[in-house]
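Trainee: What follows is a structure written as structure tokens; I'll ask about it next.
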Amino acid sequence: MTRAAAVLLAALAATPAAAEVRSQVTADGALRLWAGERVTVRFDADGRPELVSVVPAPESDVLPPKPGQGKFDDPPQGVAIFLVGRERDRLWLKTESGLARAFDLRAQLLSGPAARPDMRPVSACTILPLLTDYQDWPASGAAGVQLYEVRMRDTNAVTCTNPARHPGAK
């Protein structure tokens, strides 16, 4: 083996492998978000999500800033950015909305393997336009959130879903 080939092999071995991306849009149009990923999404007029990007992100980025500390960045127009993270016994969803309209959605907590997770319906509230939103639930082993039935709204009235009324969740 030449010295150049040995140096190249050593450099490749020292390069960390890209982190596995798990967040995705399912075949039926649901958005699966896993802890530790920053997911940027564009929605069509029917509320169907299209992934723009998925990149690793520290789970601590999901928490609201302490009063008087930190600032909110303006998300790019026309997209929503989602982060999921765990803090103690809570699972958090942070949404940075760059959308001009509010939207409603349904949510399920995901636990178990990413390929076939167990799903538990939870309450989710309207995401207001051009703002950062935080929602949290008891984690109970969950490491992700599935969002589905996204519906754009013409008003900014906030409503929350009741999972007991929608037991037939996806």
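The values are calculated or read from the model by the stated rules, or taken from the named source; none is laboratory data. Quick caveat: nothing in here was measured; it's all calculated off a predicted structure. Positions of Cβ are backbone-derived with ideal geometry, glycine not excepted, and every protein chain shown enters the neighbour counts. Just so you know, the surface numbers come from the protein's heavy atoms only, side chains and all, with ligands and any DNA or RNA stripped out. Shrake-Rupley method; radii C 1.70, N 1.55, O 1.52, S 1.80 Å.
Trainee: For a quick check of understanding: with a 1.4 angstrom probe and all protein chains in place, what accessible area in square angstrom does Phe43 have, to the nearest ten?
Mentor: Estimated to the nearest 10 Å², Phe43 gives 30 Å².
Trainee: Hey, what's the range 41-112 come to in accessible area per residue, 1.4 Å probe, Å²?
Mentor: I get 54 Å² per residue for this part.
Trainee: Given a 1.4 Å probe and heavy atoms of the protein chains only, how would you sort Glu59, Glu50, Glu20, largest accessible area at the top?
Mentor: Ranked from most to least accessible, the order is Glu20, Glu50, Glu59.
Trainee: Rounded, prolate or oblate for the range 31-170? Axes are the square roots of the Cα gyration tensor eigenvalues, ordered a ≥ b ≥ c, and the cut-off for rounded is a/c under 1.5.
Mentor: rounded
Trainee: Top to bottom by accessible area (1.4 Å), largest first, where do Cys125, Cys160 land?
Mentor: Sorted descending by solvent-accessible area, the residues read Cys160, Cys125.
Trainee: Same structure again: With a 1.4 Å probe and all protein chains kept in place, how much accessible area does Arg22 have, in Å² rounded to the nearest 10?
Mentor: Surface accessible to solvent at Arg22 totals approximately 80 Å².
Trainee: What is the local net charge at Pro129, summed over the other residues whose Cβ is closer than 13 Å to its Cβ (Lys, Arg +1; Asp, Glu -1)?
Mentor: Around Pro129, the surrounding residues sum to -3.
Trainee: Kindly report, to the nearest 10 Å², the accessible surface of Val52 as traced by a 1.4 Å probe over protein heavy atoms only.
Mentor: 70 Å²
Trainee: Using 7 Å Cα-to-Cβ label points, what is the Met152/Ser60 separation (nm, one decimal)?
Mentor: 3.8 nm
Trainee: Considering only protein heavy atoms, with the full assembly of protein chains and a 1.4 angstrom probe, order Tyr134, Tyr148 by accessible area, largest first.
Mentor: Solvent-accessible surface, decreasing: Tyr134, Tyr148.
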